[in-house]
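Have a look at the structure below before the remarks.
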Amino acid sequence: MVRISDATLKQKSAETLSFKEKIELVRILDRLQTDVIELGRLNNPKADVLYMKTVSDAVTGSTVSVQADASKESIDLAWSAVERAQKARIQITAPVSLVQMEYICHKKPEAIREAVKEAVTYAKTLCADVEFEAEDATRAEKEFLYDILEAAIQAGASTATVCDTAGNMLADECAAFVKEIMANVPSMKNAVLAVSCSDQIAMADACTIASAIAGAGELKTAIYPDDIASLKNVVTAIQKKGADCGLSSDLRSVELKRLCDQAESMFTNTRSKTSPFENGVRDSEPDRFYTANDDIAAITAVTKKLGYDLTEEDQVRVYDEFKSITEKKEQVSEREIDAIIASAAMQVPQTYTIDSFIINSSNSFASSAHIRLKKNGELLESVALGDGPVDAAFLAIEQIIGIHYELDDFQIRAVTEGREAMGETIVRLRSAGKVYSGRGLSTDIIGSSISAYISALNKITFEEA
């Protein structure tokens, strides 16, 4: 039985995904019963810790792994991100080839070995599952590689990973490499050997399977691979030929193709650089409804599900407004709770106000928007072209403020009927991993959209000032 680890979210390509798409990808991997989901390194601590905590809450079966350097500070930060996971792992990484130790870490082999030993020992005091990942292992001096793997396992690592970072091995060479490690690292009998193969010469899948046949117990893959073995190809090979070579996996084969295709679509449907909308405006998920019988804990759980991190004071405001609405109607939808949050929570002074806007839209030429805002009395303006009037308006605002915020959600609905019907817009922006919502109300849907965006922007500006 081999474990399948997915490292898609550690790759460069994952940076193009929105926050919501990363969470959806994690849910897909969890539904597949992937043994380990690797989240990578924390590059932006404030945003990444929140994102990883959200992942930890979303995953029910897989182990959630986060990467750390061989330092106490890095390990503490990694643990704070995944400590809420049902099954958590801290992954300690360090280069083991002479060239990488010298030029990346500027340390001698003995110093790297001691740093890894101390890091694994410390990580083990926080987390039961600790992995040591030896980067560029295939170019390391063999005696040093065996020595550092032995030290890491004796310090508490339950998984030891060797990386063919250079990607210059053929399948039989990779199998021989694994057998040598199993024979020369005595403590390996107390741990699982994992392999991560680069696809530089298009051999990652073959090398990964060969390593498993040779004795590796965990295989590093990606559901959308950049330079690593393909999860779909490796699992399919095990399903088709596993019985012949003594391999099996727990991944759900029935849903494999459908869920892999679903994950791949997230990477291939990239957003237009000329639009503020991440991957367009997609169909909404079915709405859920809440009644007067739901208490403040239930409504607070809804706000967290929607992505908000509200203060206790704002949670009370939202619940009070929810209760007042349930006095007038039996059911309140999640979308209505979203609107309540936008209007009742996180109210702040207006740094930006709308001075004027001119929108030109036609089916024969690109839409344009001329937006004028005031910031603390100073008049700011910009003109932008977009795929539609709302696109153009939001792009003009982005040009004024000089920042692109991830547009987490965009909702429009009518709140009154007739020729002078009022339209309500909810805009949710994400900054540093946190969601901020704004609400706009107008007979002009473009005007309500701009107002909603500015409302959310003012909340970001106030909190990050």
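General remarks:
- Among the residues of region 311-324, the one identified as aliphatic (A, V, I, L, M) and surrounded by 17 or more Cβ atoms within 10 Å (Cβ to Cβ) is Val318.
- Any hit, region 70-88, residues being within 17 Å of Thr161 (Cα to Cα) and not aliphatic (A, V, I, L, M): no
- The condition of being crowded, with 24+ Cβ neighbours inside 10 Å and either part of a loop (DSSP other than H, G, I, E, B) or modelled with pLDDT of 95 or more (or both) holds for only one of Leu219, Leu193, Leu247, that being Leu219.
- Test: residue in region 120-136 that is over 26 Å from the mean Cα position of the chain (by Cα) and surrounded by 23 or more Cβ atoms within 10 Å (Cβ to Cβ): no
- Positions within region 1-32 being over 17 Å from Asp261 (Cα atoms) and in contact with a Phe, Trp or Tyr (Cβ under 9 Å, 6 or more places away or on another chain), in sequence order: Gln11, Thr16, Phe19
- Any chance Glu285 is modelled with pLDDT under 90, surrounded by fewer than 19 Cβ atoms within 10 Å (Cβ to Cβ) and either among the acidic types (Asp, Glu) or assigned to a helix (DSSP H, G or I) (or both): yes
- If only residues of region 408-453 that are open to solvent by 10 Å² or more (accessible area, probe 1.4 Å), at pLDDT 85 or above and part of a helix (DSSP H, G or I) are counted, the one that is farthest from Ile358 (Cα to Cα) is Ser451.
- Hits in region 196-216 (condition: under 30 Å from the mean Cα position of the chain (by Cα), of a type outside the set (Asp, Glu) and outside any loop (DSSP other than H, G, I, E, B)): Ser196, Cys197, Ala204, Ala206, Cys207, Thr208, Ile209, Ser211, Ala212
- Looking across region 137-150, the residues that are open to solvent by 10 Å² or more (accessible area, probe 1.4 Å) and of a type outside the set (Ser, Thr, Tyr) come down to Arg139, Ala140, Glu141, Lys142, Glu143, Phe144, Asp147, Glu150.
- Test result for Ile148, touching a strand residue (DSSP E or B) at 6+ places or on another chain (Cβ under 8 Å) and more than 19 Å from Arg89 (Cα to Cα): yes
- Residues of region 1-52 satisfying the condition of being over 23 Å from Phe132 (Cβ atoms), of a type in the set (Asp, Glu) and either open to solvent by 20 Å² or more (accessible area, probe 1.4 Å) or modelled with pLDDT of 90 or more (or both): Glu15, Glu24, Asp30
- A Cβ distance below 6 Å, combined with a sequence gap of six or more or placement on separate chains, defines the contacts here; from region 31-51, residues that are within 16 Å of Asp76 (Cβ to Cβ) reach residues that are assigned to a loop (DSSP other than H, G, I, E, B) and open to solvent by 10 Å² or more (accessible area, probe 1.4 Å) in the pairs Lys46/Ala432; Asp48/Leu42.
Rundown of residues vs (1) open to solvent by 10 Å² or more (accessible area, probe 1.4 Å); (2) in contact with an Asp or Glu (Cβ under 8 Å, 6 or more places away or on another chain), yes/no style:
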site	(1), (2)
Ala68	no, no
Glu73	yes, no
Arg84	yes, yes
Ile92	no, yes
Ala111	yes, no
Glu114	yes, no
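The values are calculated or read from the model by the stated rules, or taken from the named source; none is laboratory data. Since the model is a prediction, treat every value here as computed from it, not as a measurement. As a convention, Cβ positions derive from the backbone with ideal geometry for all residues, glycine included, and neighbour counts pool all protein chains shown. Note: accessible area is taken over every heavy atom of the protein model, side chains too, but ligands, DNA and RNA are not part of it. Shrake-Rupley method; radii C 1.70, N 1.55, O 1.52, S 1.80 Å.
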